[in-house]
1. Taking Met226 and the conditions (1) surrounded by fewer than 17 Cβ atoms within 10 Å (Cβ to Cβ); (2) within 13 Å of the ligand (Cβ to nearest atom), which numbered condition does it fall short on, given that it satisfies the others?
2. Inspect all residues belonging to region 406-415 and state whether any of them is modelled with pLDDT of 95 or more, of a type in the set (Ser, Thr, Tyr), farther than 24 Å from Arg158 by Cα and assigned to a loop (DSSP other than H, G, I, E, B).
3. Based on what the data block shows, is Val243 crowded, with 22+ Cβ neighbours inside 10 Å, under 29 Å from Glu362 (Cα atoms) and either at pLDDT below 95 or touching a Leu at 6+ places or on another chain (Cβ under 7 Å) (or both)?
4. Assuming Tyr274 fulfils every condition listed in (1) within 16 Å of the ligand (Cβ to nearest atom); (2) assigned to a strand (DSSP E or B); (3) under 14 Å from Gly143 (Cβ atoms) apart from one, which condition is it?
5. Filter the helices (runs of 4 or more DSSP H) completely within region 1-111 down to those with at least 2 residues that are of a type in the set (Val, Ile, Thr).
6. Looking only at region 246-270, count how many residues are more than 16 Å from the chain's Cα centre (by Cα), surrounded by fewer than 24 Cβ atoms within 10 Å (Cβ to Cβ) and closer than 28 Å to Arg315 by Cα.
7. Hey, does region 219-237 have a residue that's modelled with pLDDT under 95, hydrophobic (A, V, I, L, M, F, W, C) and outside any helix (DSSP H, G or I)?
8. Answer yes or no as to whether Ala126 is under 30 Å from Phe392 (Cβ atoms) and touching a residue at least 40 places away in the same chain (Cβ under 8 Å).
Amino acid sequence: MTKDAITAAITEQGCADVGAVKTCTKAGTGCGSCLPLLKQLLAESGVAMSKALCEHFTQSRQELFDIIRVQGIRSFSELVASHGTGRGCDICKPAVASILASIGGGQHILDGEQATLQDTNDHMLANLQRNGTYSVVPRVPGGEITPEKLIVLGEVARDFNLYTKITGGQRIDLFGARVELLPAIWRRLVDAGFESGHAYGKALRTVKSCVGTTWCRYGVQDSVGMAIGLELRYRGLRAPHKVKAAVSGCARECAEARNKDVGVIATENGWNLYVAGNGGFKPRHADLFAADLDSGSLIRHIDRFLMFYIRTADRLQRTSNWLESLDGGLDHLRDVIVEDSLGLCAELDEAMERHVGNYSDEWAGVLEDPDRLRRFTSFVNAPDTPDPSIEFVTERGQPVPGPSLIAGPSLEVRT
Ligand code: SF4
């Protein structure tokens, strides 16, 4: 799909919003990475963009976040009854579920009405793969793992016949788990001290690190210790989109922190903080936000950066697009976070402390609750029956999807 074809759909065929452009051109119906570009082309063509989250809410995500926070709303039903219309859709339900989870309160995301709002992956606390099985990603904070835990991962993969691959975020992904096996796999992992890695969520994923002063001759700070501290602080934090971070132990930057939403690079005097980088469809190097911070200041700045992003970004907007759309850009962000120009910092600090205090492992929470466990079946009327259509073949000594797939490279999208 070319830019000219999309522009023609807007200017000649009258497409006036992203949904219409998607229907007309099929752009944005694959991985969705080009959706920000569609918005940009609509704006460049002079189309006034609605701030409405979807047909059920006239408010933007940011406005809904404030409504939920200020009015203490705790459910989608309450919100749609008081501020929306209809019964919700696949756009507003996960967005509101994410806001409710970000604001916190200790409710498990699979409890009560919350469970019905979740996206496909959150719904099973695992990532759906192309043959209908799921992948399992336990958290490995900072990428540091003991031999004993490595052995457990190997044993679990062997015993459940799972494909294993090391991820870019320095952890180990276990692929090919049938839905009914997820609780048994996680029972083994939780008993060995693992917890959810939130690879399925719009949430903090990983904090990657190099070995820093622990091993490296060039290191000037303990990058592993800092990465583990950050990952344990922000684990489970739900956001408008996924959040990745990294810590490098010196300017050589082996952890590639500058292509992360939050990047930390050690200096002789402390830490440099970079924000709003990412790889993906449109790579962006992170911007230097503050230099030579001590550890406490670094964490305080990241707390506020993440909470301000969570409060004010659009649905599915990474920190890079958010910063580029922010009035006043990086200078404004510094004013808000460092100078407290909006008088928000105490609230942002409190929100992060609440998140840290309320954290609990989602998978441990499933295993202890028979109601939550009941969803992990292929057939509700035959809970012990595995899906017979799932097949595997062997490739390079590991099981991979066979010929029966649930989806090709593109899915039909609701218009
Ligand atoms: S970033 Fe620096 S400290 Fe870290 S591994 Fe590379 S050279 Fe060593």
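The values are calculated or read from the model by the stated rules, or taken from the named source; none is laboratory data. If you're wondering where the values come from, they're calculated on a predicted model, not measured in any experiment. As a convention, Cβ positions derive from the backbone with ideal geometry for all residues, glycine included, and neighbour counts pool all protein chains shown.
1. Among (1) surrounded by fewer than 17 Cβ atoms within 10 Å (Cβ to Cβ); (2) within 13 Å of the ligand (Cβ to nearest atom), the lone unmet condition for Met226 is (1).
2. Among the residues of region 406-415, not one is modelled with pLDDT of 95 or more, of a type in the set (Ser, Thr, Tyr), farther than 24 Å from Arg158 by Cα and assigned to a loop (DSSP other than H, G, I, E, B), which makes the answer no.
3. Judged against the criteria, Val243 is a match.
4. It fails just one condition, (3).
5. Those helices (runs of 4 or more DSSP H) span 3-11, 18-25, 61-71, 92-103.
6. Of the residues in that region, 2 qualify.
7. Taking every residue of region 219-237 in turn, none turns out to be modelled with pLDDT under 95, hydrophobic (A, V, I, L, M, F, W, C) and outside any helix (DSSP H, G or I).
8. Judged against the criteria, Ala126 is a match.
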